[in-house]
Structure formats: C-alpha cells, structure tokens
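Read the structure below first, then the notes.
Quick note: the coordinates plus some simple rules give every number you see, no bench work behind them. For clarity, every value in this text was computed on a predicted model and none was experimentally measured. Ideal geometry is used to build each Cβ from the backbone, glycine not excepted, and the neighbour counts take in all protein chains shown.
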Amino acid sequence: MGVKQSRASSNDKDPKRLLLRKRQKFSSWDDTLLLGKDPRSLLKRGMRHVSFSLVTKGMTDIPDFLWGLLEVQKLNLSHNQLQVLPPEVGKLTRIVVLNLCGNRLKSLPREVSLLQSLKVLFLNMNCLAEVPAELSLCRNLEVLSMSHNCLSQLPASFADLSRLRKLNLSNNYFAHIPICVFSLKELDFLHVGSNRLENIAESIQCLASLQIFIAESNNIHSFPRSLCLVTSLELLNLNNNDIQTLPDELYLLCRLGRIAWNPMDKGLHISHNPLSKPLPELPSNSSTSAFSSLLAWKEQ
C-alpha cells in the first residue's frame, strides 16, 4: 500500500506529467508558447489576408504577444469576456477586418484611429455606451456593426466616414437617427431596428444610395414622404411600429416591387402596424403586380 502511494506521489511531482496536465487546460496558442515556438507560426496565410483568431477562449485579457504580430490583417477576438481593448491595438496598422463582437467592452481606446487600413469592424454584443470620435479617422471603413450595445448617440465626426456602406445600429437606445448618418452618401445598408425611434427625419432622403433600410420594432408614428424619395430602396422594413397611413408618394419606390412577409425578402415590410384599413390579401409569391395592387388599395 505504501509503495503504491509513494509511486503516486512521485508521479505527481514528475515535471513532464505536470506539464501534460497543464497543457490539457490550455488552448493551442498557449501550448505553442509553452513549447517555445514563435507566435507568428499561429498566423493563417490565406490568398488575400493574414489572419489570427482567438474565438471563444474565455479570455478576460488579450495576450501581450498579439501586439507583436504586426502583419495580421484579419483579427477575430469575438465571444470572449474582454472588458478592455488595450491602446496597443494601434500597433496593428495592417488590420483590415477586426471582430470584437460578443465581449464586455465598455469603451474603445483612442488609438483605434491608427488603424488606417481598417475596412470592417464588428462591435456588436458588447456594453458600449459611447464610441470615441477618433474612430472617424479610420477613413477606409466600409462596414461598421454596433448592434446590441447601450448607445444613444454617435460623434458628429462620424460624418467623415465617407466610404461607409453598411451600418448596423440595431438594438440600442437611439431616440432618433444620428444626424451624422445622413452625411454618409455611400451608405447602402442601414439597420436601426429595435431602438426608441418615434420618427424618421426628413433628411433620410439624403441617403441616395440606400438599398436596404430596416427600422422595425420601434415606435415610429408615420411613414415620411421624404422616405419615398429614396428611390434606390429594394428592402424597406417598418414592421412593428405605430404607422396608421401610407404616403401618396409610395409609388415612387418602384424597386420595392412587392409586399414582403419573410424578413429576408426584398420588398415593403409593413405588417404589425395599426393601419387605418387592413392590407389587401396578396399571395406570398406576389411581385410588381401585387405592389400595384397595394397602390390601388391606397387610392380607395
């Protein structure tokens, strides 16, 4: 009995066994460091970008070695427990795509302004109550997702993001669409659903390139005539609001084509509103003729 216990205790002190047990708790990137390998060996080199991913690692802090991977272009740190993005992120000046969604970030460092190559930034599902004005210095930004945060305003300087094409502000606390958004002339996708909007400003007509506009699940009281001037619209979702009437100028939105019921379909989404009279019953595969029927219904 004593021999077995002594063997067990000696095994517990065996450095190799201890290291093996530790390795079982570590992810592949920890293991690489333990073995003395160069962290750059973890980089994945694709046809277009050099990428690095630490998704769902349970991290509360970003490992310091990351700031030495200066050639990384796509960085995915999503679905961890990060509360702070260190200013050292400004060292990664080649980053094109940065994914920080699903963390606990409450703020961003001003050094994000140094990411001059950044085109795509995912910040959704965090705890952001504000974003720094310096983010507007990332002039190459094309896609910005900040849904599911605690935002109620944006810096006026965001108007300088002249190349921005897709903006997601859904599931926040906006009482109105930020004025700076109406200066984004290249915007073709805007999602402001599940906020606290009560109206859509007349300035919406300034977004002449807009193809998809989603403002569902707010408390919007009217369908503004100015929205009918955005003739590039192919999908307009105003479901679950407080709209009672449709504007006479609705016929101008000829690209909508039909009344849509599936959230992914192009067309006009106007269900679950207290319209003064019910929508006409139309087949689910309806197209231009169905939209014409809606216009005829409007004139009744």
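Brief remarks on what is shown
- Simple spin-label estimate for Ala175 and Glu71 in nanometres, 7 Å along Cα-Cβ: 5.2
- At q = 0.15, 0.30 Å⁻¹, base-10 log of I(q)/I(0) for region 70-118 (Debye sum, equal scatterers on each alpha carbon): -0.36, -1.23
- Cα centroid of region 212-272 to Cα centroid of region 46-93, whole Å: 39
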